[in-house]
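To keep things clear, I will list the structure first and then write my remarks on it.
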Amino acid sequence: MTQQADSAVLASESPVQAQAQAPTVGQALQALRLAKGWSLDEVSSRIKFSSRQIQALENEQWDKLPGGVSLRGLIRSYARLLGADATAIVASLEAQIGPPPAPSPRTRPMAVPVHPHDDDRAGMSWGWLLIILALLAALLAYAFWQGWLPADWLPGSWSSPANT
């Protein structure tokens, strides 16, 4: 008879009441951390968030925590470290505090048109071009002076003897 009464009481509870009895995000993460026997400092050194932020998360002091993507990143990292389902915990966070705010149109970065040929010309400087041309001219003069190139490539007045 008591089993029937217990099941009748459980059946009469609404999903809202059952959710109210379920541990919150902070409580669940704190319980998992304590079950592993880890201190706040140990967790802090592993997930690279401060122990104050982790403590604020466990105490659900949302005003002391970053919002949006940063908060969800903290919770994901913490849940993965503890071996919990990060997606489920973030979903329960959204049920608890609401979905992340949508970005306002003013904060979105503006698209900048990219022209692929602009980069090629921007890197080329006139100074480098002049240096390369001077080196080529010096190399060509040295090749003629050493006799590596035929003399008939030179203009006629340059190849004739100077004592005429």
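Laboratory data are not the source of any read-out in this text; all were calculated from the coordinates shown. This is a predicted model, so every value here is computed, not measured. Ideal geometry is used to build each Cβ from the backbone, glycine not excepted, and the neighbour counts take in all protein chains shown.
Using a simple spin-label model with pseudo-atoms 7 Å out from Cα toward Cβ, SER50 and GLU94 lie 2.9 nm apart. If only the Cβ of Lys and Arg carry +1 and only the Cβ of Asp and Glu carry -1, the dipole of region 25-97 around its Cα centre is close to 240 debye.
Packing, as the average of other Cβ atoms within 10 Å across residues, places the peptides 138-150, 73-85 in the order 73-85, 138-150, highest first. With an 8 Å Cα cut-off and a minimum separation of 6 or more residues, compute the relative contact order for region 25-97 in percent. Computed over region 25-97, the figure is 33 percent. With 0.36 nm allotted per residue and the present C-alpha distance subtracted, the LEU136-LYS36 stretch has 28.8 nm of extension available.
Report the full-extension gain for the segment GLN146 to ALA84: residue separation times 0.36 nm, less the Cα-Cα distance, to one decimal in nm. Let's see the in-between values first.
Working: separation 62, 0.36 × 62 = 22.32 nm, distance 7.82 nm.
Length gained between GLN146 and ALA84: 14.5 nm.
Report the equivalent ellipsoid semi-axes for region 25-97 in whole Å, largest first, defined as the square roots of five times the eigenvalues of the gyration tensor built from alpha carbon atoms.
With the √(5λ) rule applied to region 25-97, the semi-axes are 17, 14, 11 Å.
Using the beta-carbon distance between LEU129 and VAL69 and R0 = 45 Å, what value does 1/(1 + (r/R0)^6) give for FRET efficiency, to the nearest 0.05?
Details: r = 47 Å, r/R0 = 1.04.
The formula returns an efficiency of 0.45 here.
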